[in-house]
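Presented below is the structure to which this report refers.
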Amino acid sequence: MAAISSLVELKQRLLEIKKMGWIPSTRHHDTGVGKTFEDLLGIEENNIQLPDIGGIEVKSSRSYTSSLMTLITFEPPKEYRNISWTLECLVNNFGKSGDENGGPVFHITVYAHKYTSNTQQFKLDIREIDGKEMVCVVTKKKFNPANPKLPDDVVVCYPVEDILNRIARKLSGCLLVIEAETRRREGREEFRLKSAKLYSGFSAERFIELVKEGKIVLDIRFGRYPDGRPHNHGTAWRIRKRDILELYAKEIDLLNDDISEDIDCNNPIVEESDNPRKTKKITDYISVLLVLL
């Protein structure tokens with residue numbers, strides 16, 4: 001399959017996929033929808049924190065679900081951890097969230113506008129630590145802190161600069177969100193393309209505001225393999241599909257709308273929150289990349 005090199009080619013390929021109707025999943029279980037549409041778009045599977053095709057990051061989901069969509073997955077920096085970031089240590093200090101494959105697990109979604117109602121009592125809090133703005137996981141629960149430069153109620157912290165730089169690498173152009181209808185035939189899941197929306201004009205300031213509002217959350221996901229071994233599924237910054245447009249300036253329906261001439265996913269334009277009419281290229285910003293797409 002020829003590589004997609006432009007938005008026009010992407011739109012054409014999506015229209016072709018739409019005409020295909022029901023398509024058998026190329027993988028079992030939850031990740032089947034993402035893998036199937038990656039295959040249809042000619043995207044090679046990888047864990048590299050870079051866009052999937054031509055400056056465009058692709059996210060696929062089943063249309064019936066309102067579950068959270070991952071923006072970026074990475075672990076808190078070691079120097080800003082107050083405990084060892086392992087399943088065993090989290091469970092020993094804060095208790096388990098449940099059981100899976102014969103052992104305790106630690107699956108928690110952490111918000112900034114409220115403490116979790118479980119025994120862990122976690123919450124996100126924006127703080128200045130070590131001269132840097134941080135998004136920290138804090139707790140009301142007593143535990144054994146191991147990092148003297150962090151307050152005793154802080155579990156881990158992410159420097160805001162770190163979060164935005166990593167998102168810049170992954171979402172440095174545009175975000176394509178694919179939704180698919182689903183059904184089962186002869187024991188196999190099938191998908192049919194329902195919508196394909198392209199987002200551009202990422203706002204860094206809105207990212208932090210949405211964290212504060214509880215619309216962008218942190219998912220801590222320590223589980224177990226079927227044989228019982230601990231497994232970190234990846235600590236992820238996530239958002240609900242209905243809130244994506246609050247993070248971006250523009251939304252285009254690639255199945256129905258014309259492509260705007262000012263959309264360039266390889267050389268994106270970003271809006272400055274204090275002056276929506278003024279635009280800059282990402283390359284005009286300092287290396288911290290406080291504003292990105």
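The values are calculated or read from the model by the stated rules, or taken from the named source; none is laboratory data. All figures in this text were calculated on a predicted structure; none of them were measured in a lab. Counting neighbours? That spans all protein chains shown, and the Cβs are built from the backbone with ideal geometry, glycine included.
At a glance:
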| item | result |
| --- | --- |
| Segments classed as strands (runs of 3 or more DSSP E), wholly inside the range 75-171, with at least 2 members that are crowded, with 19+ Cβ neighbours inside 10 Å | 103-110, 122-129, 132-139, 154-159 |
| Which listed residue, of 250, 194, is in a strand (DSSP E or B), at pLDDT 90 or above and not hydrophobic (A, V, I, L, M, F, W, C) | 194 |
| Residue match in the range 60-69 (condition: surrounded by 16 or more Cβ atoms within 10 Å (Cβ to Cβ) and aromatic (Phe, Trp, Tyr)) | no |
| Whichever residue in the range 200-221 is out of contact with any Pro (no Cβ under 7 Å at 6 or more places or on another chain) and modelled with pLDDT under 90 and, among such residues, is surrounded by the most Cβ atoms within 10 Å (Cβ to Cβ) | 202 |
| Filter result for residue 190 (over 30 Å from residue 10 (Cβ atoms), surrounded by fewer than 22 Cβ atoms within 10 Å (Cβ to Cβ) and acidic (Asp, Glu)) | no |
